[in-house]
């Protein structure tokens, strides 16, 4: 059984205004500042992460690096299954193969909302997962899509909310 922290990347530049490949679109200054606050709040909760994985897209990598800095992790690992177009089940199967008890996954929507819905046993349309937020699941059995949603940390908040971010 694992603990999984789903980390949606911070606020990134406008995709319509971005001139380069979408994979290279970075966080904005505001996105960096806001997620830095979220990462600090997460670190103060005392939760530990054994393995921090990120999508290979720049905005997710930047988000993961900010979280790694706040939690004194030395390394961030790229997990191709965290690309936004990878099906939820494929990501969950890959997570089940990871040799770590406490895993953080920095990625994108709609994939991460799909993971939260699958693990939390709710309809994906009910999940309201803001950019730069973190959701904690305990007792995760990724292949069986079972877990307990413990809390979620909203950007700008110091203390987490119970359960899932649902609307």
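Name the residues in the stretch 96-109 that are in contact with a strand residue (DSSP E or B) (Cβ under 9 Å, 6 or more places away or on another chain) and either surrounded by fewer than 21 Cβ atoms within 10 Å (Cβ to Cβ) or assigned to a loop (DSSP other than H, G, I, E, B) (or both), would you?
If we filter the stretch 96-109 for residues that are in contact with a strand residue (DSSP E or B) (Cβ under 9 Å, 6 or more places away or on another chain), which is where we start, we get 96, 98-109.
Across the stretch 96-109, the qualifying residues are 96, 98, 99, 100, 101, 102, 108, 109.
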Worksheet entry | Subset of the stretch 77-94 (residues that are part of a helix (DSSP H, G or I) and within 19 Å of residue 52 (Cβ to Cβ)) | 80, 81, 82, 91, 92, 94
Discussion item. Checking residue 48 against (1) touching a strand residue (DSSP E or B) at 6+ places or on another chain (Cβ under 7 Å); (2) assigned to a loop (DSSP other than H, G, I, E, B); (3) closer than 18 Å to residue 132 by Cβ: exactly one of these is not met. Which one?
Written reply: (3)
Response to the item:
All-but-one check, residue 89 against (1) modelled with pLDDT under 95; (2) surrounded by fewer than 21 Cβ atoms within 10 Å (Cβ to Cβ); (3) in contact with a helix residue (DSSP H, G or I) (Cβ under 7 Å, 6 or more places away or on another chain), failing number (3)
Worksheet item: Right, residue 156: more than 24 Å from residue 1 (Cα to Cα), in contact (Cβ under 8 Å) with a residue 40 or more places away in the chain and crowded, with 21+ Cβ neighbours inside 10 Å or not?
Response: no
Practice prompt. Just one of (1) part of a helix (DSSP H, G or I); (2) surrounded by 14 or more Cβ atoms within 10 Å (Cβ to Cβ); (3) over 16 Å from the mean Cα position of the chain (by Cα) trips up residue 143, so point out which.
Written response: (2)
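Would you confirm, using the coordinates I've provided, whether residue 137 is part of a loop (DSSP other than H, G, I, E, B) and buried (at least 16 other Cβ atoms within 10 Å of the Cβ)? Talk me through it step by step, then tell me what you get.
Working: part of a loop (DSSP other than H, G, I, E, B): no; buried (at least 16 other Cβ atoms within 10 Å of the Cβ): yes.
No; evaluated as a whole, the condition is false for this residue.
The values are calculated or read from the model by the stated rules, or taken from the named source; none is laboratory data. Everything numeric in this text was worked out from a predicted model, so none of it was measured. Here the Cβ is made from the backbone with ideal geometry for all residues, glycine too, and neighbour counts use every protein chain on show.
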